[in-house]
């Protein structure tokens, strides 16, 4: 079997391809292969695409490593969000047994706001980097429709109450926590801090999933029949 040497140089590869196609028998296959070679991008386009791909990969890795911590002024609650705004960890101070349900619930919301503020600043920077990599990527009319619908429903809240009816939480459509309430009297006294934090985190995760489902339906409409 003849050995096929593939040149390293891009133009030489195209030239080798043309020579190979020229040896093909005349017919539709040869014509199709020749048209494909004629439409091949320039070296500059290929190299720019490769550079963008490398930068995009680095951006994705940076996003995946990102974590944003928040706590309330009294340091009753600590939590962490990932780059998408999803809750990844939540912890309560052992001193919550000295505090009332409303105080601890409000501390959760305050800690969330602190973490979200940090995430928003970093997200804005990374979005600018992403926009430079994918210039024109948001020109699809579906994006404008989606943004308009999210803005119109900015005040909408999604609620979730856990099966034990220990706590109820609310979030906006983008999954940001907006309210937290403990339903069991003296929950901060009767539950240890680890259990209460675990149950609260589970409820927040559930309400974020509900919000994601609503937004997913919006996306499907905006980029499907919604753009027609």
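General observations
- Filtering the stretch 86-99 to residues that are over 16 Å from residue 199 (Cβ atoms) and out of contact with any helix residue (DSSP H, G or I) (no Cβ under 7 Å at 6 or more places or on another chain) leaves 88, 95, 98.
- For the stretch 68-84, residues that are outside any strand (DSSP E or B) and within 18 Å of residue 208 (Cα to Cα) total 2.
- Selection within the stretch 81-111 - buried (at least 17 other Cβ atoms within 10 Å of the Cβ) and over 22 Å from residue 186 (Cβ atoms): 81, 83, 85, 87
- When 43, 65, 35 are checked against the criterion of being farther than 16 Å from residue 111 by Cα, more than 18 Å from the chain's Cα centre (by Cα) and at pLDDT 70 or above, a single residue qualifies: 35.
- Near pairs, Cβ below 6 angstrom, 6+ apart or cross-chain, from the stretch 85-99 (under 23 Å from residue 211 (Cβ atoms)) to any residue that is part of a loop (DSSP other than H, G, I, E, B): 85/175
The values are calculated or read from the model by the stated rules, or taken from the named source; none is laboratory data. Predicted, not measured: the structure shown is a model, and the values here were computed from it. Virtual Cβ from ideal backbone geometry, glycine too; neighbours counted across all protein chains shown.
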